[in-house]
Structure formats: structure tokens, C-alpha cells
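The values are calculated or read from the model by the stated rules, or taken from the named source; none is laboratory data. Remember, it's a predicted structure, so these values are computed and weren't measured experimentally. FYI the Cβ positions are ideal-geometry reconstructions off the backbone, even for glycines, and counts take in every protein chain you see. In case anyone asks, the SASA skips ligands and DNA or RNA and just uses the protein heavy atoms, side chains included. Shrake-Rupley method; radii C 1.70, N 1.55, O 1.52, S 1.80 Å.
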Amino acid sequence: VYKRGFNRMAMLLESKLQRFKDRKRFKLIVKKINANLGIGQEAKKINLYLLDGSKLNLDMLKGKVVLIDFWAQWCPPCIKEINHMKSYYPELKKKGFEILAISLDTNRQKFQAFLKKNRDINWLLACTFEGWKTEAVKTYQITGIPSVWLIDRKGVLRYFNLRGKALINRIRTLLDEV
């Protein structure tokens, strides 16, 4: 349960199990899953090359609220999330927000065609074309996409796999923290 807690946490928090949320055992399970994910701890280190050829170390983004998005152009839920990100990124970037999108694509031609159609994706993009074998995927133990990780200005992992309004609200909350 805890090792593959990625899927289980969403199930726990969004299901009929909510009626148990105040019980000691439920809280213990949530606490263990959060610990496994690294919630409340310094974000796991990743070093990678961006599409523009520059090297990025996650520490370079300290001082900003960072959303790490593991995605692929062949993943419809990922594209839906990217379209949502396009709506709030320009405004929030001015306040100290950054997106690091790590693609799991393996087909260079399809990936480049997607980017050509979506020139308004102007956040940090990385793709090694190694798919699930990418080092960052291993580091964060990604088992499904989209997978969204939200890191505060101090480099601490605060939230995992939020979507929609819940995600935007948490980003705004983190941007307001000093």
C-alpha cells in the first residue's frame, strides 16, 4: 500500500473513505503515504537538460514555487492538464511560479510536432526520449501520468497530484507564503 501510495492517496482522499478521515487509523495511513512520497520533506534532487540545451538542477529554482509535471504528448489527461496550465501560468509566473514539465515521450517526431502546434507552452521543458527510463521518473517513482508535484519556495515538497481549482488554490497559497 505505501510503496505504491501514489494511486492510493487519491483514492483515500476522494472516495467514500472520506467518512473515516477523522479516525486514528485513517490518519496513520495518510501520514505513512505522505512520508513515502516525501511530503513535507526537501524535494528529491534531479538534474536534467532542458530542451534548449541548458542544464537544470532543481536547487536552481529555490525561491520559486515549482510545479513538476510528468507528462507525455500521447496522454489525453496530460494534455487536458497542460491546457489548464496555459490559463494560469502567465499570471502566476510574475509572482514567482515556475513549471518544470518532464516529458516521458519516446518519439521525437511526434513530440516536436506537438510542441510546434503548442508554441504557447513557454515554461521549462525537458525530454530525454527515454520514456519511463528517464532518471527523474525513477527518482520520483512515477507509475502513472500525469503526475504533478508542487514544491514551495524553500524547496520542500508540499503537495502531490492536485488538479484543477485545488491545484491553483494551493499554488496561490504557496506564493503568498514568505
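Give the residues of segment 79-101 that are among the hydrophobic types (A, V, I, L, M, F, W, C) and out of contact with any Asp or Glu (no Cβ under 8 Å at 6 or more places or on another chain), sorted by residue number.
Just the residues of segment 79-101 that are among the hydrophobic types (A, V, I, L, M, F, W, C), to begin with: 79, 82, 85, 92, 97, 99-101.
Those that are among the hydrophobic types (A, V, I, L, M, F, W, C) and out of contact with any Asp or Glu (no Cβ under 8 Å at 6 or more places or on another chain): ILE79, LEU92, PHE97.
Considering only segment 148-169, state which residues are at pLDDT 95 or above and open to solvent by 30 Å² or more (accessible area, probe 1.4 Å).
Matches in segment 148-169: ARG153, LYS154, VAL156.
GLY164 versus (1) over 20 Å from TRP74 (Cα atoms); (2) of a type in the set (Gly, Ala, Ser); (3) free of Cβ contacts under 8 Å to residues at least 60 places away in the same chain: which is the lone unmet condition?
Condition not satisfied by GLY164: (3).
So, in segment 141-162, of the ones that are on the phi > 0 side of the Ramachandran plot and of a type in the set (S, T, N, Q), which residue ends up nearest to the chain's Cα centre (by Cα)?
Kept after step one, since they are on the phi > 0 side of the Ramachandran plot, are these residues of segment 141-162: 141, 155, 161.
Those still in the list that are of a type in the set (S, T, N, Q) too: 141, 161.
Values: GLN141: 12, ASN161: 7 Å.
Selected residue: ASN161.
Anything in segment 49-58 that is polar (S, T, N, Q) and part of a strand (DSSP E or B)? List them, or say none.
Let us first name the residues in segment 49-58 that are polar (S, T, N, Q), namely 54, 57.
ASN57, the sole residue that qualifies.
Counting only residues that are hydrophobic (A, V, I, L, M, F, W, C), out of contact with any strand residue (DSSP E or B) (no Cβ under 6 Å at 6 or more places or on another chain) and under 18 Å from GLU42 (Cα atoms), how many does segment 130-155 have?
Step one: of segment 130-155, the residues hydrophobic (A, V, I, L, M, F, W, C) are 132, 136-137, 142, 145, 148-151.
With out of contact with any strand residue (DSSP E or B) (no Cβ under 6 Å at 6 or more places or on another chain) added as a condition, the list becomes 132, 137.
Cutting the leftovers down to under 18 Å from GLU42 (Cα atoms) gives us 137.
Total meeting the criteria: 1.
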